[in-house]
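Here the structure is laid out as structure tokens; the discussion comes afterwards.
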Amino acid sequence: MNAELKAQVLIVGAGPVGLTLAMDLAQRGIEVLVAEIRHRGEAPNVKCNHVSARSMEIFRRLGVAKALREAGLPADYPNDVAYRTSVTGTELSRIPIPARKDRYTATGGPDTGWPTPEPPHRINQIFLEPVLFAHAEATKGVRILNRTQIDDFEQDDAGVSAVATDLESGATQRIRCAYMIGCDGGRSMVRKKIGATLSGTDVVGRVQSTYFRAPALLGLLKHPPAWATFALNTRRCGNMYAIDGKETWLVHNYLGQSEDFESVDRDWALRQILGVGPDFRYEIISKEDWVGRRLVADRFRDRRVFICGDASHLWIPMAGYGMNAGIADAMDLSWTLAARLQGWGADGILEAYEAERLPITEQVSQFAMNHALALQAQREGVPADIEKEGAEGDAVRAAAGRALYELNVQQYCCGGLNFGYFYDRSPLIAYDHASPPGYTMATFTPSTVPGCRTPHLWLQDGRSLYDALGSGYTLIRRDRSIDPAPLLAAAAARGVPMQLLDLEAREGAEVYDCGLVLSRPDQHVAWRGDACPDDCDELVERIRGAKVASRRIASDAPAALAA
């Protein structure tokens, strides 16, 4: 066995969730090791096609949003979602989504005008992940070990000891860290080792998915191209995603309840979805068949070991919900873990991760499953006359197009899932008597109610509020007659990073309805008021986790090696 490696945090898995977590921890001054079984530069599967606005906000803070925005589909390629009788058939309706060259300036669409500095971005994971990897690899404090498999681990009161294997040489390596995080996917070894179990709906649906190359396809389209094109006819329903905007595509063929992956002829189904004849030529790059599930782990932590992303939840891979929820997991965990390692976070600060993320995970997984079932009903109810010529067929297609738009615009322009969710069970949040506003997949109301996302606004000097927030806590003051000194002093006495940000008189008046709003490092509201609290020390103790009765080990202090 080679000499022991040491790091403050060991991350298992270098997918988008693990890489984002590593970058955020490192930018907070934490030393990180990332173990990944793939070769350096090895492409991931062709899966997630969408990065949410909330994730893009995170990438903006990490300094990688611009590079991501420049990758993926061509700058002028429409990001629309189209509904047709087949990919090359008659269009039923279309959800307009700006191409990336217009993404910051477009108005009038269902996902424009959102309160964010970073709109969503359509990009397949095969383009996304290399950009994240290069940025992480260049980040001070991050070390990535490719072709390294974590075989086992044990924890004690001071840290975690893991055993790794170099998959090229077969040599073993011991890794010692203060904390370990499993971002190792749906078959997570880390989840199994900590005794977490998945429960929910094991099979929501089966999808025969094909990644293929067809340079001639663009020339066969009767309508402008789209990022996603759904085909609905009585023979076969499916959808196609543009991967490079030129010649590579991913088609999902949704199987019926009585069908399995081998019972449906792949070539026949693909041609029915595309609407092409036997002379159309294409090349299969890979078969990407998958089973849609709704499974959530019963726990996200065992003492010093955590799980994030697909390791902790699996659901229908719809509109990128899984990856984007995993990135949200990572950001919730990252700042609290950094706080604990830096000493200003108390034992209880790490209790917030499971208390906050598990309920949200359950909610979003239900949204995704229910929507998938509604889409399934729509596919099973395709009108018999949808391809009929003449006025009668036109009327059927118009009605189908309206129904398709109304159901699906909330999936692909899901403002509520980006901006509406809130943490209502957190031990780190000082709640008041106000209830957070409700939200749906598509709708939301910006609010300063504790637990909600810190409302975004554009400052008079042209900056995004999020660019002006600090990396720690930020006390946003709208009423300059309020003296913030007692709260800032209480935070400083405990080493809690907190800075003051003053708004101008007219900035945020429509949503910042209290004189002071305390924003957390992850842009959620921790507290609000029209004056400093009577007991500032009590508030500071809460936001740093000292008011939480820890259910974990008593000596959960940073290990000496992590100092």
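The values are calculated or read from the model by the stated rules, or taken from the named source; none is laboratory data. All values derive from a computational prediction rather than experimental measurement. Here the Cβ positions follow ideal geometry from the backbone for every residue, glycine too, while neighbour counts run over all protein chains shown. We work out accessible area using only protein heavy atoms, side chains counted, and drop any ligands, DNA or RNA first. Shrake-Rupley method; radii C 1.70, N 1.55, O 1.52, S 1.80 Å.
Screening A53, A71, A67, A43 for residues that are of a type in the set (G, A, S), open to solvent by 10 Å² or more (accessible area, probe 1.4 Å), closer than 14 Å to E118 by Cβ and touching a residue at least 12 places away in the same chain (Cβ under 8 Å) leaves exactly one candidate, A67. Selection within segment 3-19: residues that are of a type outside the set (A, V, I, L, M, F, W, C) and in a helix (DSSP H, G or I). The member of this set that is nearest to F133 (Cα to Cα) is P16.
In segment 146-157, the residues that are under 12 Å from C177 (Cβ atoms) reach residues that are among the basic types (K, R) and open to solvent by 40 Å² or more (accessible area, probe 1.4 Å) with C-beta atoms within less than 8 angstrom, at least six apart or across chains, in these pairs: F153/K193; Q155/R303.
Has segment 258-269 got any residue that is within 30 Å of I349 (Cβ to Cβ), in contact with a Lys or Arg (Cβ under 7 Å, 6 or more places away or on another chain) and outside any loop (DSSP other than H, G, I, E, B)? The answer is no, given that none of the residues of segment 258-269 is within 30 Å of I349 (Cβ to Cβ), in contact with a Lys or Arg (Cβ under 7 Å, 6 or more places away or on another chain) and outside any loop (DSSP other than H, G, I, E, B). Checking R463 against (1) modelled with pLDDT of 95 or more; (2) open to solvent by less than 20 Å² (accessible area, probe 1.4 Å); (3) more than 28 Å from V540 (Cα to Cα), which single condition isn't satisfied? Single failed check for R463: (2).
Select from segment 98-145 the residues that are over 24 Å from A468 (Cβ atoms) and β-branched (V, I, T) and write down the one among them that is least open to solvent (accessible area, probe 1.4 Å). It comes out as I123.
Is it true that some residue in segment 30-37 is open to solvent by less than 10 Å² (accessible area, probe 1.4 Å), part of a helix (DSSP H, G or I) and either farther than 29 Å from R213 by Cα or in contact with a Phe, Trp or Tyr (Cβ under 8 Å, 6 or more places away or on another chain) (or both)? Show your work before the answer.
Residues of segment 30-37 that are open to solvent by less than 10 Å² (accessible area, probe 1.4 Å), as a first pass: 30, 32-35.
When the remaining residues are screened for being part of a helix (DSSP H, G or I), the result is none.
Scanning segment 30-37, I find no residue that is open to solvent by less than 10 Å² (accessible area, probe 1.4 Å), part of a helix (DSSP H, G or I) and either farther than 29 Å from R213 by Cα or in contact with a Phe, Trp or Tyr (Cβ under 8 Å, 6 or more places away or on another chain) (or both), so the answer is no.
Could you say which residue among R206, R191 is buried (at least 20 other Cβ atoms within 10 Å of the Cβ), outside any loop (DSSP other than H, G, I, E, B) and not hydrophobic (A, V, I, L, M, F, W, C)? Quick ask: steps written out before the conclusion?
Numbers: R206 fails: buried (at least 20 other Cβ atoms within 10 Å of the Cβ).
Of the residues listed, the single one that is buried (at least 20 other Cβ atoms within 10 Å of the Cβ), outside any loop (DSSP other than H, G, I, E, B) and not hydrophobic (A, V, I, L, M, F, W, C) is R191.
Restricting attention to segment 514-526, does a residue exist that is open to solvent by 30 Å² or more (accessible area, probe 1.4 Å), out of contact with any Ser or Thr (no Cβ under 6 Å at 6 or more places or on another chain) and either modelled with pLDDT of 95 or more or over 23 Å from D332 (Cα atoms) (or both)? Before the answer, list the steps.
Here is the first cut: in segment 514-526, the ones open to solvent by 30 Å² or more (accessible area, probe 1.4 Å) are none.
Within segment 514-526, not a single residue is open to solvent by 30 Å² or more (accessible area, probe 1.4 Å), out of contact with any Ser or Thr (no Cβ under 6 Å at 6 or more places or on another chain) and either modelled with pLDDT of 95 or more or over 23 Å from D332 (Cα atoms) (or both).
Yes/no matrix, rows are residues, columns are (1) touching an Asp or Glu at 6+ places or on another chain (Cβ under 9 Å); (2) at pLDDT 95 or above; (3) open to solvent by 40 Å² or more (accessible area, probe 1.4 Å):
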| position | (1), (2), (3) |
| --- | --- |
| R494 | yes, yes, yes |
| Q499 | no, yes, yes |
| G508 | no, no, no |
| L561 | no, no, yes |
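Here's the yes/no breakdown for (1) closer than 13 Å to I181 by Cβ; (2) more than 17 Å from the chain's Cα centre (by Cα); (3) among the aromatic types (F, W, Y):
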position	(1), (2), (3)
G13	yes, no, no
V32	yes, yes, no
I37	no, yes, no
R40	no, yes, no
